[in-house]
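Peer 1: Structure incoming, see below.
What follows is calculated from the coordinates using simple rules that are stated; it is not laboratory data. All of these numbers come straight from a predicted model, not from anything done at the bench. Neighbour counts are summed over all protein chains in view; Cβ atoms, including those assigned to glycine, are modelled from backbone coordinates with ideal geometry.
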């Protein structure tokens with residue numbers, strides 16, 4: 001990957017993070033998980049997915065399903081920066097007159113399916129992948145999962161079925177930020193060694209640095225074996241890009257004041273660190 | 001006798017309509033011959049009801065019309081949230097076929113007793129709910145079910161027919177017998193027992209209208225309101241918990257129409273039934289024709 005392309009991706013990811021921060025007020029959003037997968041979504045929409053704003057009804061497009069739906073601000077930001085929706089629409093976040101809210105829904109162009117209940121979209125992705133294969137299509141289905149989401153039994157059921165059905169056109173991408181809602185994944189239901197779990201289910205697995213575009217490029221380019229679904233475990237940092245949030249990785253869902261948002265936008269650009277008062281809301 | 005079974009009709013529909021995909025969570029009783037007939041459009045996911053329903057939603061997103069099969073309890077309860085969230089919220093045309101509903105689970109025990117499936121499925125906005133009386137009724141309703149763009153739950157029933165059925169008129173109950181004193185509203189195979197109750201009612205001088213409800217959501221409200229106006233007692237007969245099934249549907253329909261009626265519900269009241277062979281279960285639980293007749297006679301005498 002050229003340095004100039006990496007710079008372009010970094011610039012795009014920075015703008016996506018600005019959108020995320022702006023959505024973290026007047027009701028707030030799941031900022032930690034959104035920031036962790038921002039680079040991942042930016043990379044996939046830019047360099048992996050065969051899709052465009054003009055191709056949302058094209059059956060030969062690639063599909064991206066956001067199974068960990070609470071990180072949708074990262075998707076909204078990506079869709080806005082790439083022309084799927086207007087940037088101004090994000091100012092309607094949580095306004096009842098629009099459908100931009102805490103979880104994805106199909107009224108937002110570019111969002112393939114609703115989610116919010118964890119452990120669903122790998123199954124839905126299986127259905128789409130089966131149909132693509134039945135019709136002889138060469139497009140692929142990507143399902144972004146959270147690591148905490150791997151607690152759900154339905155994920156493992158779907159892993160078993162996807163391998164049994166020989167879905168080489170299905171890719172699971174795990175945003176491995178190390179946290180679930182309130183605690184570190186390894187302190188609750190430990191997931192490591194995560195690659196070996198996927199491998200034991202017959203999947204082909206690659207691990208990558210989810211904030212390093214060159215590393216992601218290598219992972220997504222790894223050769224697919226016919227009939228074998230693929231998993232990419234992307235190691236990420238919750239709150240990535242905002243040191244004051246990274247340092248408090250339990251900042252999962254936060255409703256910041258306007259002053260805090262202004263400070264965070266400065267921090268995002270490498271200026272002074274924000275002095276945050278708002279705590280994570282444990283209720284969600 | 002019907003010349004076609006459920007499997008025949010479904011197989012033919014799949015052959016002529018490439019949208020039809022047949023799925024199962026490793027329950028092939030009703031669809032044994034379809035794997036070789038349908039090839040890749042027959043998908044057995046194994047004992048994985050949640051994944052089956054989610055995958056059905058994905059297939060429907062691509063324009064398919066999946067017809068999924070599992071036992072009624074595991075389909076409607078294990079996979080409930082997948083049905084509600086993936087199929088229901090999106091309003092996708094997934095057809096959910098639940099095997100051995102109600103008393104038809106006979107000797108399996110409470111794990112297999114789907115007695116709340118109608119309540120659960122009709123609680124999902126936009127979900128159609130069918131409960132055909134027998135194999136022929138099932139075949140009569142199936143083309144309309146497959147043609148509909150709505151999600152649909154079907155209480156599968158392959159018992160032999162005890163009446164000659166009229167063609168299915170979409171959204172309408174089937175008038176099986178005309179009568180002026182009592183209307184018996186029934187769904188599923190218990191129509192058989194209601195038919196066995198009729199001679200006893202006649203000998204008591206009670207003239208009974210019988211409605212095979214066929215479709216419970218959206219229900220044929222006109223048939224219920226007319227019955228309330230034209231007969232003095234409504235009797236609901238169902239192998240379902242009293243709460244949320246046909247008795248509730250009748251009460252809600254009358255309430256919405258602003259009509260009053262005496263209703264005598266025959267249902268299971270907040271308990272599972274004693275497992276055994278079907279006819280013994282019916283006897284034990286009081287759902288045989290003669291027992292139903294006695295209940296109706298008593299209720300009718302108290303209502304007049």
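Peer 1: Based on the alpha-carbon gyration tensor of the range B:6-155 and its eigenvalue square roots a ≥ b ≥ c, which shape applies: rounded if a/c is under 1.5, prolate if not and a/b is larger than b/c, or oblate? Please report the intermediate quantities before stating the final value.
Peer 2: Details: a/c = 1.35, a/b = 1.16, b/c = 1.16.
Judged from the Cα gyration tensor, the range B:6-155 comes out rounded (a/c under 1.5).
Peer 1: Please report the antiparallel percentage of DSSP beta bridges with both residues in the protein assembly as shown, rounded to the nearest 5. Don't jump to the answer; show the numbers that get you there.
Peer 2: Details: 8 of 66 bridges.
DSSP beta bridges in the protein assembly as shown are roughly 10 percent antiparallel.
Peer 1: Helix A:72-81 versus the longest principal axis of chain A: what angle, 0 to 90°, nearest 10, using Cα atoms?
Peer 2: Orientation of helix A:72-81: about 90 degrees from the principal axis.
Peer 1: Still on this structure, I have one more. With the cut-off at 1.5 for a/c, could you classify the protein assembly as shown from its C-alpha gyration tensor as rounded, prolate or oblate? Spell out each step's value before the answer.
Peer 2: On the way: a/c = 2.67, a/b = 2.04, b/c = 1.31.
Prolate, since a/c reaches 1.5 and a/b exceeds b/c.
Peer 1: If you count the DSSP beta bridges with both ends in chain A, what percent of them are antiparallel, to the nearest 5? Show your work: numbers first, answer last.
Peer 2: Numbers: 2 of 25 bridges.
Just about 10 percent of them are antiparallel.
Peer 1: Sort A:271, B:238, B:7 so the one with the fewest other Cβ atoms within 10 Å of its own Cβ comes first.
Peer 2: Values: A:271 10, B:238 27, B:7 19.
By the 10 Å Cβ count, ascending, the order reads A:271, B:7, B:238.
Peer 1: Mind checking the angle between helix B:246-257 and chain B's longest principal axis? C-alpha axes, 0 to 90 degrees, to the nearest 10.
Peer 2: 80
Peer 1: What is the Cα centroid distance between the range A:59-111 and the range A:189-212, reported in whole angstrom?
Peer 2: The range A:59-111 and the range A:189-212 have Cα centres spaced 27 Å from each other.
Peer 1: Sticking with this one: Taking only Cα atoms, what is the 0 to 90° angle, nearest 10, from helix A:3-22's long axis to the longest principal axis of chain A?
Peer 2: On a 0 to 90 degree scale, this one is about 60.
Peer 1: What length, rounded to one decimal in nm, is gained on full extension from residue A:56 through to residue A:87, with 0.36 nm per residue of separation minus their alpha-carbon distance? Before the final figure, lay out the partial values.
Peer 2: Values: separation 31, 0.36 × 31 = 11.16 nm, distance 1.81 nm.
Extending this stretch completely gives an extra 9.3 nm.
Peer 1: Quick check: from the Cα gyration tensor, does the range B:174-303 come out rounded (a/c under 1.5), prolate or oblate? Mind showing how you got there, number by number?
Peer 2: Working: a/c = 1.70, a/b = 1.20, b/c = 1.41.
Because a/c hits 1.5 or more and a/b fails to exceed b/c, the range B:174-303 counts as oblate.
Peer 1: Antiparallel DSSP bridges in chain B: what percent, to the nearest 5?
Peer 2: Values: 6 of 41 bridges.
That works out to approximately 15 percent antiparallel.
Peer 1: Residue A:214 versus residue B:222, label points 7 Å from Cα toward the beta carbon: distance in nm?
Peer 2: According to this spin-label approximation, the distance is 7.4 nm.
Peer 1: Next up: Ranking B:263, B:169, B:210 by Cβ neighbours within 10 Å, fewest first, what do you get? Provide the component values of the computation, followed by the final result.
Peer 2: Working: B:263 19, B:169 13, B:210 25.
So the residues, fewest neighbours to most, are B:169, B:263, B:210.
Peer 1: At R0 = 51 Å, how high is the FRET efficiency between residue B:303 and residue B:28 if r is their beta carbon distance? Nearest 0.05 is fine.
Peer 2: Numbers: r = 47 Å, r/R0 = 0.92.
The calculated FRET efficiency here is 0.60.
Peer 1: Have a look at A:192, A:217, A:81 and tell me which one the Gaussian network model of chain A (Cα, springs below 10 Å) gives the largest fluctuation.
Peer 2: Result: A:192 has the largest fluctuation of those listed.
Peer 1: I'd like the distance separating the alpha-carbon centroids of the range A:164-179 and the range B:151-207, in whole Å.
Peer 2: 50
Peer 1: Rounded to the nearest 0.05, what FRET efficiency do residue B:284 and residue B:148 have when you use their Cβ-Cβ distance and R0 = 30 Å? Working shown, then result.
Peer 2: Details: r = 38 Å, r/R0 = 1.25.
Working from the Cβ atoms, E equals 0.20.
Peer 1: Using 1/(1 + (r/R0)^6) with R0 = 60 angstrom and r between the beta carbons of residue B:8 and residue A:259, what's the FRET efficiency to the nearest 0.05?
Peer 2: Numbers: r = 70 Å, r/R0 = 1.17.
Calculated transfer efficiency: 0.30.
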